[in-house]
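The values are calculated or read from the model by the stated rules, or taken from the named source; none is laboratory data. Not measured: the values here are computed from a predicted model. All Cβ positions, glycine included, derive from the backbone under ideal geometry; neighbour counts span all protein chains shown. Quick note on the areas: whole protein, heavy atoms, side chains included, nothing else; ligands and nucleic acids left out. Shrake-Rupley method; radii C 1.70, N 1.55, O 1.52, S 1.80 Å.
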Amino acid sequence: MTLYPKLIEQALATVIYPGTKKNLIESGMLADTPSINGMKVRIILVFPRNTDPFLQSTVKAAEAAIHYHISPEAEVTIQTEFKSAPRPTVDKLLPQVKNIIAVSSGKGGVGKSTVAANLAIALAKLGYKVGLLDTDIFGPSVPKMFGVEDARPNAVEKEGRDLIEPIVKYGVKILSIGFFVDPDTATLWRGGMATSALKQLIADADWGDLDYFVLDTPPGTSDIHLTLLQTLAITGAVIVSTPQKVALADARKGIDMYRNDKVNVPILGLVENMAWFTPAELPENKYYIFGKDGCKNLAKEMGCPLLAQIPIVQSICESGDAGEPAAVNVDSIVGQAFLNLAQAVVTTVNVRNKKLPKTKIVQVNNTKE
């Protein structure tokens, strides 16, 4: 049988590329005229990027189409090229980011996202270049808290790569999976899809030059946390808890995760959220409705600094729901508390960087014994 380029192109026209829902020829993925030498066929397929999730399946489908429609005896070689430059390796990600701060909690409902958002804004108020990544793939809240739920990040070409351009509000660069999914629909993703999406928000975004990159992590210890530890050299972790014993018990687990021998991420300190209730009309009064100094005592027990005690004020909830976090107003009681927290974090990070070596990315050995 004699092979010729038109036959190869007709076979490739039967293969649909999921990224465009069109066939390979219509999608413009055939780089050049197929090279033919007897029964040997060499073609070049061009994909958008080297991390294309459909790459392997498309290459296999193209080879199978040639065997099925032309001849099973054809020796097919398929090379791949990419429109965008490849994603940097893990050790070369975010070269312009000086400090990466993970804001974590062992338990949900303690106001971790509120603390992360207000910490980022307060750091920006102090004059630092700040980024905030909402790493909670299944329950993103940052778009709501910043009042940018309807925003859609643009793509920007930089150094041969198509990158996501973060939304900027209150001087903070922010990204969240919430910008890309329907807010009224549950995100039914397996762990692999969630971690892949998270890596894209980190590696395929134009974060640029940052003094502080704040990570709003999901509650507990999960695949997301492991992905962050395997992808980023985290400068330190800030643990958020309420004074309640049930919250403190989970905060211990959060501390242990970062202090694990295989992780070794320094604990920058603890934040006691909802430390007391202060009525707006009686700003000097303090009511310890969740207990008193629980997080303060835990910090002392665990040998960690207590970075701040944040009171409950009705305006915190109202301002977060309205898309204007409390730290925006530095003259308020809570705004001042978050500004003090930011100053404490800066001081602690400076001490940590002087005394301790840079955190290493967690390496996972997949070798089975």
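With (1) over 25 Å from V351 (Cβ atoms); (2) not in a loop (DSSP other than H, G, I, E, B) as the list, and V238 as the residue in question, which single condition is left unmet?
(1)
So which residues in region 249-262 are in a loop (DSSP other than H, G, I, E, B) and modelled with pLDDT of 90 or more?
Hits for region 249-262: nothing passes.
Test Q56 against the criterion of being open to solvent by 50 Å² or more (accessible area, probe 1.4 Å) and within 30 Å of A197 (Cα to Cα), and give yes or no.
Yes.
Residue pairs, Cβ under 8 Å, 6 or more apart or interchain, first in region 225-247 and free of Cβ contacts under 8 Å to residues at least 40 places away in the same chain, second open to solvent by less than 10 Å² (accessible area, probe 1.4 Å). List them.
T227/L198
I'd like to check something: does region 204-211 contain any residue that is among the aliphatic types (A, V, I, L, M) and part of a strand (DSSP E or B)?
Yes.
When you scan region 39-50, how many residues do you find that are open to solvent by 50 Å² or more (accessible area, probe 1.4 Å) and part of a loop (DSSP other than H, G, I, E, B)?
The qualifying residues number 3.
Would you confirm whether or not region 201-219 contains a residue that is open to solvent by 70 Å² or more (accessible area, probe 1.4 Å), over 10 Å from the mean Cα position of the chain (by Cα) and touching a residue at least 12 places away in the same chain (Cβ under 8 Å)?
Within region 201-219 (the criterion being open to solvent by 70 Å² or more (accessible area, probe 1.4 Å), over 10 Å from the mean Cα position of the chain (by Cα) and touching a residue at least 12 places away in the same chain (Cβ under 8 Å)), the answer is no, since none of the residues qualifies.
From (1) open to solvent by 50 Å² or more (accessible area, probe 1.4 Å); (2) in contact (Cβ under 8 Å) with a residue 40 or more places away in the chain, pick out the condition that doesn't hold for N154.
(2)
Considering region 9-29 alone, what residues qualify as being over 19 Å from Y68 (Cα atoms) and not in a loop (DSSP other than H, G, I, E, B)?
The one that is over 19 Å from Y68 (Cα atoms) and not in a loop (DSSP other than H, G, I, E, B): K22.
Among the residues that make up region 175-190, is at least one of them under 30 Å from A247 (Cα atoms), open to solvent by less than 20 Å² (accessible area, probe 1.4 Å), part of a strand (DSSP E or B) and β-branched (V, I, T)?
no
Is it true that some residue in region 228-241 is modelled with pLDDT under 90 and not hydrophobic (A, V, I, L, M, F, W, C)?
Scanning region 228-241 turns up no residue that is modelled with pLDDT under 90 and not hydrophobic (A, V, I, L, M, F, W, C).
Among all residue pairs at least 6 apart or on different chains, which show Cβ distances below 9 Å where the first residue, located in region 283-303, is in contact (Cβ under 8 Å) with a residue 12 or more places away in the chain and the second is part of a helix (DSSP H, G or I) and open to solvent by 60 Å² or more (accessible area, probe 1.4 Å)?
P283/I333; G291/K245; G294/K245; L298/R252; M302/R252; M302/R259
With the requirement that a residue be assigned to a loop (DSSP other than H, G, I, E, B) and either at pLDDT 90 or above or hydrophobic (A, V, I, L, M, F, W, C) (or both), what does region 263-280 give you?
V263, N264, V265, P266, A280
Considering every residue within region 281-290, establish whether at least one is in a helix (DSSP H, G or I) and either open to solvent by less than 60 Å² (accessible area, probe 1.4 Å) or at pLDDT 90 or above (or both).
So far as region 281-290 goes, no, none of its residues is in a helix (DSSP H, G or I) and either open to solvent by less than 60 Å² (accessible area, probe 1.4 Å) or at pLDDT 90 or above (or both).
Looking only at region 235-254, count every residue that is within 21 Å of the chain's Cα centre (by Cα) and surrounded by 22 or more Cβ atoms within 10 Å (Cβ to Cβ) and tell me the total.
6
Show the residue pairs meeting these rules: Cβ distance below 7 Å; 6+ apart or different chains; first residue within region 163-178 and touching a residue at least 40 places away in the same chain (Cβ under 8 Å) and under 15 Å from T135 (Cβ atoms); second residue open to solvent by 10 Å² or more (accessible area, probe 1.4 Å) and of a type in the set (K, R).
P166/K173
Filter region 86-133 for residues that are assigned to a helix (DSSP H, G or I), open to solvent by 10 Å² or more (accessible area, probe 1.4 Å) and touching a residue at least 24 places away in the same chain (Cβ under 8 Å) and give the result.
The answer is V90, D91, K112, S113, T114, A124, K125.
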